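What follows is a set of notes on a single structure, which appears directly below.
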Amino acid sequence: MEQYLLILVSTVFVNNIVMVKVLGLCPFMGVSRKLETAMGMGLATTFVLTLASGASYLINRYLLGPDLAYLTTLSFIVVIAGIVQLTEMVIRKTSPMLYQVLGIYLPLITTNCAVLGIPLLNAQEKHGFVESLFFGAGGAAGFTLVLVLFAAMRERLEGADVPPVFRGSAIAMITAGLMSLAFMGFSGLVR
Amino acid sequence: MITAVLVVAGIAVVLGALLGYAAIRFRVEGNPVVQEIDKILPQTQCGQCGFAGCHPYAEAIAEGSADINRCPPGGERNIRRLADLLGVEFKPLSDEVAEPKPKSLAVIDESLCIGCTLCIQACPVDAIVGASKQMHTVIASECTGCELCLPPCPVDCIAMVPIEEDLGNWRWKYPANPLKAA
C-alpha cells in the first residue's frame, strides 16, 4: 500500500508530468485560460490516462514483451487513439451531461504527449499492472492540479496591470516558469 | 519480423473491430433537423456566422437561437433552401455578417458645392475646410470615412471613394465577426 501512496506523491508533486518532466505543454498553455475548461480537460485526461496506462501495460507485457520492445511507441499511440475514440463514443451515449463537459477535450487528448509519455515511462520503469494504474492516475492528477492552479493564476492575471510588452502569452510563459521553479522545491521528497 | 507485423496488424484489427462495433452499439441519434441543415450549409467552416463552424451554426439554427441569414458564403440561394426546409420566411443576408465596407474617403465635387457649410458642421474630425458661400474641400489625411457628411449635403456633391490598398496603408485584418464563446 505504501508504495502506491509513494507513487501518487511522486507523480503529483515531485515528478510532476508538466512542471518537472515538461510533457503535455500544449494543453497546459492552450486550455488554461478559464478555470472551468481547465477542470474539464483535467478530468478527461485523468480518465483516459488511467485507462491508457492499464491497456498499454497489458499490451507491453503480453503482446510485445522484450523481443518487440521497439514497437512500444507505435502500438501505444494506436491503442491510445483507439481508447480515446471508444471513450468518446461510450460517454456520448451513456452520459450526455458528461459529454457536454468533456466532449470537446477528448479528441485533444489523443495528441497530448503526456498521455503517451506516461505509458512509455511505465514500460521503461517496468511497473506492474497496479503500479501502472497508479502511475497513470497520479500523473493525470498532477496534470489536473497544475492545469487548474495555472488557470486560476491566469484568470487573476487578466485583471492585473501587466506591462504591455508582457501581455498575453509572454506573461503566461513567465508564470509557468515560476510555477515550475516552485515545483522544483519538491525534488528529493520521494524518488 | 513476421511477429512484429502480425502484432501490429492484430492490434489494428482488434481496435478497428472494437471501434466499428462501438459505432453501431453506441450510435447517438442526433437531431435529424441539424443534419439536414448542416447538409445545406456550404461546409466552408469559415466562422463568418459567428459560430465555430458549420455544424455549430446548424445546431444553433435548429435550436432557434440563430437566424438563417448569417451565412455569407451560402448566399441567398442557401437562405432560400433553409427557409424552405424550416418553413420560415426568407430573409436577406444579415447586416451583421455582411462584408465590412472598404475603407473610403469623402470627396467633394467642387463644381457642385454651393458653400452651405452644413457638411463642415457635421464633420466630427474637422476634416472639411471652407467658409460660407466658398467652395469646401476635404483634407484627405484627416478624413475617417465616417459618412456623417453625406446626409446634410443639400446638393449631394459628396461621394465616398474607396481607398486602394497599397504597401503604405495595408494592415492585418481583424476578424469580421468575433467568434462566440463555445
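Quick note: the coordinates plus some simple rules give every number you see, no bench work behind them. Note that this is a predicted model, so its numbers are computed, not measured. All Cβ positions, even for glycine, are placed from backbone atoms using ideal geometry, and neighbour counts span all protein chains on display.
Loop-only check: which chymotrypsin sites (Phe, Trp or Tyr not before Pro) in the range B:51-159 are DSSP coil with at most 14 other Cβ within 10 angstrom? All intermediate terms of the calculation are to be shown ahead of the outcome.
On the way: sites: B:F51, B:Y57, B:F90; in loops: B:F51, B:F90.
Of the chymotrypsin sites (Phe, Trp or Tyr not before Pro), the ones in loops of the range B:51-159 whose Cβ has at most 14 other Cβ atoms within 10 Å are B:F90.
If neighbour count is taken as other Cβ atoms inside 10 Å, put B:S141, A:S95 in order from fewest to most. Walk me through the numbers before you get to the answer.
Numbers: B:S141 7, A:S95 12.
Result, fewest neighbours first: B:S141, A:S95.
For a quick check: with amide H placed at 1.01 Å from N, whose amide H comes under 5 Å from B:I128's, ignoring anything fewer than 5 positions away on the same chain?
Placed amide hydrogens put B:I139 under 5 Å from B:I128.
Quick one: 3J(HN,Hα) in Hz for the range B:161-169, Karplus 6.51/-1.76/1.60 with θ = phi - 60°, rounded, Gly and Pro as x.
Values, residue by residue: 10, x, 8, 5, 7, 9, 4, x, 10 Hz.
So what is the calculated 222 nm ellipticity per residue for chain B, using -39500 (n - 2.57) for each DSSP H run with n of 4 or more, over all residues, to the nearest 500 deg cm²/dmol?
When only DSSP H runs of four or more count, the value is -10000 deg cm²/dmol.
So for B:R27, B:R80, fewest C-beta neighbours within 10 Å to most, what's the order? Mind showing how you got there, number by number?
Details: B:R27 11, B:R80 15.
If I rank by nearby Cβ atoms, fewest first, I get B:R27, B:R80.
Rounded to the nearest 500 deg cm²/dmol, what is the calculated helix-only ellipticity per residue at 222 nm for chain A, with -39500 (n - 2.57) per DSSP H run of length n ≥ 4? Walk me through the numbers before you get to the answer.
Details: 9 runs with 133 residues, N = 191.
Rounded to the nearest 500, it is -22500 deg cm²/dmol.
Apply the a/c threshold of 1.5 to the C-alpha gyration tensor of the range B:32-97 and tell me whether it is rounded, prolate or oblate. Numbers along the way, then the final one.
Numbers: a/c = 1.37, a/b = 1.04, b/c = 1.32.
It is rounded, given that a/c, with a ≥ b ≥ c, falls under 1.5.
Compute the relative contact order of chain A as a whole-number percentage, counting only Cα pairs closer than 8 Å that sit 6 or more residues apart in sequence.
Numbers: 221 pairs, mean separation 83.9, N = 191.
After rounding, I find 44 percent.
If you rank A:V22, A:V79, B:V8 by fewest surrounding Cβ atoms within 10 Å, what's the result? Before the final figure, lay out the partial values.
Values: A:V22 14, A:V79 22, B:V8 17.
Starting with the residue having the fewest Cβ neighbours, the order is A:V22, B:V8, A:V79.
List every residue whose amide H lies under 5 Å from the amide H of B:L105, counting only residues 5 or more places away in sequence or on a different chain, with H placed 1.01 Å from N in the peptide plane.
Residues meeting the amide H criterion: B:V161, B:I163.
Just to be sure I follow the definition: excluding the sites themselves, where is the longest run in chain B that has none of the GluC sites (Glu not before Pro) in a DSSP loop with at most 13 other Cβ atoms within 10 Å?
Values: sites that count: B:E29, B:E89, B:E110, B:E142, B:E147, B:E164, B:E165.
Here the longest run is B:30-88.
What is the Cα centroid distance between the range A:85-147 and the range A:5-60, reported in whole angstrom?
7
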